[in-house]
Amino acid sequence: MNVNIDINRSERVVAAESGRDLLSALADDGIYVPSSCGGRGVCGLCKVKVLSGAGPRTAGELRRLSEPERDNGLRLSCQVRTDADLELDVPPEVFKARKFRGRVKTLRPLTHDTVELRVRLLEPDRMEFRAGQFVQLVVPPYGRVTSGAVRAYSISSPPSRQRELAFDIRLAPKGVASGWLTGRLAEGDEVSLIGPMGEFGLREGDADAVFIAAGSGLAPLKSIIIDMSERKIPKRSVWLFFGAVTRRDLFYVDFFRELQSSWPVFRFVPALAETRPEDQWSGETGLIPDVAARYLESRINPASPKEAYLCGSPGFVNAAIRMLAAHGVPREKIYFDRFM
């Protein structure tokens, strides 16, 4: 039995099998609603406005949707079932995401638990995206993984490179995508990508830009910063604070130091949360929000307007938001991307 999904007042009508989750039903028809958790109901990104036809909200929706969002009819599409005809409103940018076929150009380690994946696009052969956006990487069935999966990864290369995309991926123990990346995928293999997706990115203006990243949260910030340097955006100053646990967890240090030497407004501050004698580390130490706080107090002009860009785990992002607010950065000028 099929049901009809009416999108944006008959701008598009999709026939879907009854009993599916709405996120997958739309994807089967080439409509890719952003999601970074693979439809598990934990990222809270796959919001659509349901005008009619949906059942009661799930516990996951009640946790992830604010009261104003619920009052406005927003739902998590991965939690809505296609049990009856549905009427939806979806943002126009949803229709910009497409499925791409690419070939792995390089797959190399950046650290003991982080890899850089570079994909040359084949069909379509280029992707127009904004710095800070992400794509979904399609993980095919392999070994004991019988159903495959999709995982979201931020693009770390700049928008000027539309034919070749780079991703900095932290390997999760026993992760579905991690097992595929380390044990199955090889240079020359074909892959499928869906994107671009997401609203994280630079806001235009001339305020000082403070970027704070932890671990693989560096990826979208790297894309934004390279894009800024290429476009010579007239910021007063650009600061990147990058935190890692130990020295073996740092990556792209030489790259950003070279960028600092050639781009006068840019300053790069890496820091280690833990130091060991074998690290031979003479740089900053401590949790990266605390390191950034010291610079806000002593090195960054307090009179200049500021905006901040954060990426990392939810705990890191929350700590950085509290620190920035305490140092006078307006909450509406703090932009973030939480990794799941």
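Observations
- Cut-off of 10 Å, at most 14 other beta carbons, DSSP loop: longest stretch of the chain lacking such GluC sites (Glu not before Pro): 12-127
- Rounded to 10°, Cα long-axis angle of helix 314-326 versus longest principal axis of the chain: 60
- Relative contact order for region 6-119, counting Cα pairs under 8 Å that sit 6 or more residues apart, in percent: 31
- Taking the DSSP bridge list for the chain and keeping only pairs wholly inside it, about 60 percent are antiparallel.
- For Ser52, Ser156, Ser10, Ser313, order by how many other beta-carbon atoms lie within 10 Å, fewest first: Ser10, Ser52, Ser313, Ser156
- Rounded to 0.05, the FRET efficiency of the Ala186 and Arg101 pair, given R0 = 22 Å and the Cβ-Cβ distance, is 0.85.
- Using alpha-carbon coordinates, inclination of helix 253-262 to the longest axis of the chain, degrees: 70
- Helix-only CD estimate at 222 nm, as mean residue ellipticity for the chain, using -39500 (n - 2.57) per DSSP H run (n ≥ 4): -6000 deg cm²/dmol
- Residue range of the chain that is longest and free of trypsin sites (Lys or Arg not before Pro) which are both DSSP loop and sparsely packed (at most 13 other C-beta within 10 Å): 41-125
- Inter-site label distance for Glu230 and Asn72 at 7 Å from Cα along Cβ, in nm: 3.2
- Average Cα contact separation per residue, region 203-274, under 8 Å, 6 or more apart, as relative contact order %: 36
- Degrees, to the nearest 10: 288-298 long Cα axis against longest axis of the chain: 50
- Applying 1/(1 + (r/R0)^6) with R0 = 56 Å to the Cβ-Cβ distance of His112 and Asp29 gives a FRET efficiency near 0.85.
Coordinate-derived values only; no laboratory data. No experiment lies behind these values; they were computed from the predicted model shown. FYI the Cβ positions are ideal-geometry reconstructions off the backbone, even for glycines, and counts take in every protein chain you see.
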